[in-house]
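Below: the structure, in structure tokens.
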Amino acid sequence: MDFAFTDEQAMIAETAQQFFAENATSSRTREAMAADGFDRATWQSFCQELGLGGLLVPEEFGGSALGMVDFATVAEAAGSQVAAIPLHGLAMIGSAIAAGGSDEQKSKWLPQLASGDVVASGGGNADLKSDNGGLSGKIEFVPHGNIANLFILSDGSEAWIVEADADGLSVDTPVTMDQTRPQATLTLSNVKADPLADGAAALNIGKAAGWICLAAEALGGAQACLDRTCEYAKEREQFGRAIGSFQAYKHRLADMMIEIEQARSAVYWAACAIDEGSDEAELALHAAKSFCADTFFKCAGDMIQLHGGIGFTWEHDAHLFFKRARSIQTMMQSGNWHREEIATMILGEAA
Amino acid sequence: MDFAFTDEQAMIAETAQQFFAENATSSRTREAMAADGFDRATWQSFCQELGLGGLLVPEEFGGSALGMVDFATVAEAAGSQVAAIPLHGLAMIGSAIAAGGSDEQKSKWLPQLASGDVVASGGGNADLKSDNGGLSGKIEFVPHGNIANLFILSDGSEAWIVEADADGLSVDTPVTMDQTRPQATLTLSNVKADPLADGAAALNIGKAAGWICLAAEALGGAQACLDRTCEYAKEREQFGRAIGSFQAYKHRLADMMIEIEQARSAVYWAACAIDEGSDEAELALHAAKSFCADTFFKCAGDMIQLHGGIGFTWEHDAHLFFKRARSIQTMMQSGNWHREEIATMILGEAA
Amino acid sequence: MKLGFSKEDEDFRSECASWLNDQMSGEFSDIKGITTLTEKAERRKEWEQQLAAHKWSCIGWPEEWGGRGASLAQQVIFAEEYARAGVPGRVNHIGIELAGPTILTFGTDEQKKRFLPDIAAGKTIFCQGFSEPGAGSDLAAVRTKGHVENGEWVVNGQKIWTSLAHISDWIFVVTRTEEGTQGPKGLSFLMMPIDQEGIEIRGIEQINGDAEFNETFFTDAKCAEDSLIGAPGDGWKIAMGLLAFERGVSTLGQQMAFRNELDEIIAAAKSNGSSNDPLIRQRIAKAEIGLRLMRYGALRMLSNQDHSKVDGAALTYKIQWATWRRGLGELGMDVLGQGGEIAEGGEYAWNTLPNLFLYSRADTIYGGTNQIQRNLIAERGLGMPREPRGK
Amino acid sequence: MKLGFSKEDEDFRSECASWLNDQMSGEFSDIKGITTLTEKAERRKEWEQQLAAHKWSCIGWPEEWGGRGASLAQQVIFAEEYARAGVPGRVNHIGIELAGPTILTFGTDEQKKRFLPDIAAGKTIFCQGFSEPGAGSDLAAVRTKGHVENGEWVVNGQKIWTSLAHISDWIFVVTRTEEGTQGPKGLSFLMMPIDQEGIEIRGIEQINGDAEFNETFFTDAKCAEDSLIGAPGDGWKIAMGLLAFERGVSTLGQQMAFRNELDEIIAAAKSNGSSNDPLIRQRIAKAEIGLRLMRYGALRMLSNQDHSKVDGAALTYKIQWATWRRGLGELGMDVLGQGGEIAEGGEYAWNTLPNLFLYSRADTIYGGTNQIQRNLIAERGLGMPREPRGK
């Protein structure tokens, strides 16, 4: 039992923090927002120069086979810059194929995922129909689906690999509130689909990786909201004093920190629980996703409020955090849904 | 349309405030708490010297036939001193008999209620059984049931007058958290019961009067918590300053006031709506009961917190407010229940 | 204490409802239902003039200045019916509700003659220049400077959050006219024509993609010497008086707009089935309670004739509605679920509920942040010691 | 980063669980399950000695002073098993967790010899004299005075919230020993025997009817000159060091007690059907999440070896658990419904959940109110400017 980063983990965390601070800058993110929501330059550097695209990919397929804890430190860093990159899809699809793909599927896709040559995403709908290897149906809210080359789609029990250029697949991308992660609608009409060897295993770990990614991004985002607001509080004066010297202001900052510290425990508890195969893992994932999303939303809202008028402008970055926080709350089930799952574990189904 | 007190209403309110401040003192209330939870001296003065026992009773039966607005000002004043008096029973039973009693029932009981010679309370249980004029069953949580001479009991549709000394009735009084309003358990075994002429009318107005009483008491209690905490905040120093000069402390006081002002609107909206027979009355009652109870609980909790250690002692009055607030939250249905009633009005029954 | 309206008042209600509905289904049907402040501004100026032509422009004003000297009850009714009929907000809100009453109270006869008829007639649109960058909620920190030169006021500086400045004719500005003064002293209250070289307006893009607010730059901007309201140095007093007008009858119209927003949430919940979720049901019930209490709080505040005491309902009103509405924005999104993330057109432009979610974050900031409101409540309402100013 | 325990640690868990369960089903079954601090105090002193006799009294202390020099993992395990077995709280908690470590860190060899063996053996029960009436959470405002006279310290003043003083043998007091000093300067840290004429203890009745806390009056109270820990004037530094010990492994034992409370709520909800109420389900899930995060926060804090940076988990821990537990008290009552208002015996004495509801209001006050905690977090954790002191 030692609930602190190893030296290696601390190093990855620091590297990632520095990388995203330098690459996923506000101006790059805003360029991506004005286009297709994909900061290609950052993603390319991330996968290739930094070599972190293969974080969750086994070594034999070009990855570094690290654990969820390592991945969480990276997602946290990406979240702290609201980076417009398809990290969520990488985590979900990379771990899903690694866990549930055939050898052929693994060796075909995993190296390309690790290198960033292929961008992946996924989604599900219980009404998806499979008929003679052809998949039909509609899947909404596929994150970064607009720029993905590869999808894993699921009806909740089976999972299929679908390539973006397959016949019969159309990808529509409406404008989304959070422009750093567009959400596409896929319409499939008898689309060629390659079933994963072990769909259940793939879905299981893919979902876990997705939740960890969102929770860790939320943690990083919340911490960034607090850090940036603290900086502002020290510089900005009102009524002749730094606004950070006003007690009510201080107390709101303190309240942010209290939540964030818990969110931090949640993310790394859940990540450890997955890495160690703990029987707490499921509970930890629900706790992490719901708690961290709420913490981020609270902190981003407070960031706007504590900046006053400027926090409400397009020019200021506060809204990037605020909109990301909201979208994380809604992605992969709401907080209430996750808490109800926990309630069911504790209390059984409601009568 | 004029949502301000008439001169007469303002006068009644002021008289009641002064009366309870002078009579229902902390030491008298604590004496009552140590005994049977009934401050007889205050009640006697209230009914006889002040003549307010007949506030809701028609003039022909010895009352002054005022409205719910007038009554609410009195209940607010009683609540602000956590007076240990059976005002809730008087309001419910007085208005119930006035609305649903036969002429005989009215002339027998209303004058005695107005004079304070008879103390009344009531309660209900759908399982109450009536057989040849004999009532059997069990009714819990009858406020001040331990000292009442007269009950109106109901199965939800019919209502009966039962005298406390009737054969077959036993009254048990457990220790309650709020010692200023004990809650009795009545066990009835074929008890002589006199059905009210119009049970539905009686229950309808009785319930409304009970809710108004609780909401107004809660308003008065919450305001007293704020007033007393403000006094303390001006006197008490810490870190070399009056604690009321600390911004976070000020903001909590402000938050109390924000809630209390809404609670005040709620009480007098509901009282007016009943007096004017408005079709908003039902919604207003649910709003007032739930909102005021929550406001009081919040303010009483804050009163303890903002007094620091001393607020947590038996010696200080804060716990009287805190316990009263909690008991008001639970009496005559929870806040969630009342809000669900409102939701049903707006959204229909949940599927 | 009485909540019901008299027979005469109900007749008045029918009269204004009928006129407003005629307009919204007839000549002005093209502006019905607009909820933003900026859309179709020119048509809405015509609407101001239509209101004036039928004496509905400022019914609470005295008859001699274009009003009807309407009773409180009638003003309440008109505000309610106005919003109920789906009429969009007044682009001359600031002229009618703030500038007009300020001139009525503090202006000279000549100023009244010069401004009031045109405001009443919908010919002069006003906006408000209070906040400054760096001053935030602190009006006493105003640094925009004014001085008299050649019989004119000359103003230099910058205002921010000047809502609707780009469609307005006049702006009232609080300026520092006594050099070397600090805080509330040495401020003056000026009326300035906007269409002049010395005034430049730049839109501020907001988080919802709209640009309702502006920055307004003053570079040797000019106005006649008698555009000063009150005496030099009275600026603080007049600004405070004006802020009190903000809590007038128009709050009830604002509440009717809130009513429409809540109704849209209720309809969405019924339509997508979230109305069956007990958690959503509780929140909708709480929102309904909050809105009702806002209404009765406003009626208490408007009915209150005892100005000797602090009016708790009035003092707490701003933070109450702003916080309620911010919560409403979150409720709306929770009812919509993930679908609330999607804009329906191909642009970054939002339907009522997502827009409410984004826009309402400003409600707790402009016009005095929630923090400033709590300070005021504690200090003015509860007698707590003032926050020490620095330096 | 690793959460699992090693095989050796799990063996250690079995060992202590088995010993504790034997005790609680055997010789000390009469104290099993007690949740208050005051009940059966004499038997619980015997229990302290029983722990000591089997070397379980202070396993984290060095072996030479009666401990086992146990690893962090072992201490975590012992704390968890202790609470899991239903063993009541340590009446010498303050001696073991605060006084002992303080003496170990700041005391002389002689003081260690004089105090540590008896504390470890359960023969010397300690209590804590920090707070004073009128000083509240402000330790720097201490007014109790101490001076040396005839080779002894003589102390005059008053302490408050001296938990368990009435069953203790010694008290450590922070006193002002340099006349004319103010604030943190001029304070000293003294150990005083309680059984003497100069010390009077009066119970403070609390809102739940119990009297766990006391006022302690010092009237020419005396202790030997070498009962001073550190140097005269070191009182502030030592007190701050001591407060850091408060966030040690014993927090995990405290959490296991919280676990039992939450489990009682869960059982009550299942038994009365409120477990079907979606609102209650959400709140129970939130409470469960909060408790788990408390555990992992504590493990982060205990695992953290980097003392160069502020430890956020440690800094926020007090307010986190206190606020969580106050909410738990409200949840418990809401699960019980109106029945929670009723005491089962004929006296004003409360079962676990109503008592939790009442008692937990103190959690956010003693040991630094939530307000003070937020100040500390903002100032120490986030570098915000200090609150100016008055005068």
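The figures follow:
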{"item": "Per-residue Cβ neighbour rank within 10 angstrom, fewest leading, D:LYS55, D:LYS309, B:LYS289", "result": "D:LYS309, D:LYS55, B:LYS289"}
{"item": "Student exercise, region C:126-232 dipole from Lys, Arg, Asp, Glu Cβ charges, in Debye to nearest 20", "result": "360"}
{"item": "Residue of chain D whose Cβ sits closest to the axis mapping D onto C, with distance in whole Å", "result": "D:PRO278, 2"}
{"item": "Per-residue mean of C-beta atoms belonging to partner chains within 10 Å, peptide A:178-186", "result": "1"}
{"item": "Per-residue average of Cβ from other chains inside 10 Å of C:1-12", "result": "4"}
{"item": "For region B:181-225 versus region D:231-278, the gap between their alpha-carbon centres in whole angstrom", "result": "40"}
{"item": "Over region D:7-91, relative contact order from alpha-carbon pairs under 8 Å, at least 6 apart, %", "result": "41"}
{"item": "Average beta carbon contacts from partner chains per residue of C:348-359, 10 Å cutoff", "result": "2"}
{"item": "3J(HN,Hα) from dihedral phi, region C:65-70, Karplus parametrisation 6.51/-1.76/1.60, rounded to Hz, x for glycine, proline", "result": "10, x, x, 10, x, 5"}
{"item": "Most mobile listed residue (A:SER157, A:SER45, A:SER245) in chain A, GNM with C-alpha springs under 10 Å", "result": "A:SER245"}
{"item": "Position D:SER71, label points 7 Å along Cα→Cβ, spacing to each other copy in nm (shortest first, one decimal)", "result": "8.5"}
{"item": "Estimated dipole of chain A in Debye, rounded to 20 [Cβ of Lys and Arg +1, of Asp and Glu -1, Cα centre]", "result": "1260"}
{"item": "Cα-based equivalent ellipsoid, chain C: semi-axes from gyration tensor eigenvalues, Å", "result": "34, 25, 23"}
{"item": "Candidates A:GLU60, A:GLU282, A:GLU163, ranked by Gaussian network fluctuation over chain A, Cα under 10 Å, top entry", "result": "A:GLU60"}
{"item": "Other copies of B:GLY168: label-to-label distances in nm, shortest first, labels 7 Å along the beta-carbon direction", "result": "7.8"}
{"item": "Sequence-distant aspartates and glutamates (8 or more away, or on other chains) whose Cα lies within less than 13 Å of D:LYS32", "result": "D:ASP22"}
{"item": "Sorted by Cβ neighbour density within 10 Å, fewest at the top, the residues A:TRP109, B:TRP160, D:TRP236", "result": "D:TRP236, B:TRP160, A:TRP109"}
{"item": "Spin-label proximity, D:THR108 to region D:216-259 - amide N less than 13 Å from point 7 Å beyond Cα toward beta carbon", "result": "D:224-232"}
{"item": "In nm, spacing of pseudo-spin labels at B:SER102 and C:ALA257 (7 Å Cα→C-beta vector)", "result": "6.1"}
{"item": "Value of [θ]222 nm, deg cm²/dmol, for chain A, DSSP H segments ≥ 4, -39500 (n - 2.57) each, nearest 500", "result": "-18000 deg cm²/dmol"}
{"item": "Of C:MET1, C:GLY157, C:ILE284, farthest towards positive along the dipole that unit charges on Lys, Arg, Asp, Glu beta carbons give chain C", "result": "C:MET1"}
{"item": "Charge dipole of the protein assembly as shown about the Cα centre (unit charges at C-beta), most positive-ward option of D:HIS93, B:SER189, B:GLY210", "result": "D:HIS93"}
{"item": "Proximal lysine pairs, chain A, alpha carbons under 17 Å, eight or more residues apart or interchain", "result": "10"}
{"item": "Label geometry 7 Å along the beta-carbon vector: A:PRO195 inter-copy distances in nm", "result": "7.0"}
{"item": "Positive-end residue, region D:247-381 charge dipole about Cα centroid, Cβ charges, pick of D:SER274, D:ILE342, D:GLN371", "result": "D:GLN371"}
{"item": "Gaussian network model of chain A, springs between alpha carbon atoms under 10 Å - residue of A:PRO174, A:PRO58, A:PRO86 with greatest fluctuation", "result": "A:PRO174"}
{"item": "Fewest-first ranking of D:HIS54, B:HIS338, using other Cβ atoms within 10 Å as the exposure measure", "result": "D:HIS54, B:HIS338"}
{"item": "Dipole in debye (nearest 20) - region D:240-391, about Cα centre, beta carbon charges: Lys, Arg +1; Asp, Glu -1", "result": "760"}
{"item": "Backbone HN-Hα couplings from phi across region A:257-268 [Karplus 6.51/-1.76/1.60, Hz, Gly and Pro as x]", "result": "4, 4, 5, 5, 4, 5, 4, 4, 4, 5, 4, 7"}
{"item": "Pairs of Cα atoms farther than 39 Å apart, chain B, %", "result": "13"}
{"item": "Lysines whose Cα lies under 24 Å from that of D:LYS113, excluding same-chain neighbours fewer than 8 positions away", "result": "D:LYS45, D:LYS55, D:LYS123, D:LYS222, D:LYS237"}
{"item": "Highest average packing first - D:222-228, B:75-81, Cβ atoms within 10 Å", "result": "B:75-81, D:222-228"}
{"item": "Label-zone membership for region C:107-143, site C:ASP195, 7 angstrom Cα→C-beta point, backbone N under 14 Å", "result": "C:123-126"}
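Just so you know, all these numbers are worked out from the coordinates, no wet-lab data involved. Quick caveat: nothing in here was measured; it's all calculated off a predicted structure. As a convention, Cβ positions derive from the backbone with ideal geometry for all residues, glycine included, and neighbour counts pool all protein chains shown.
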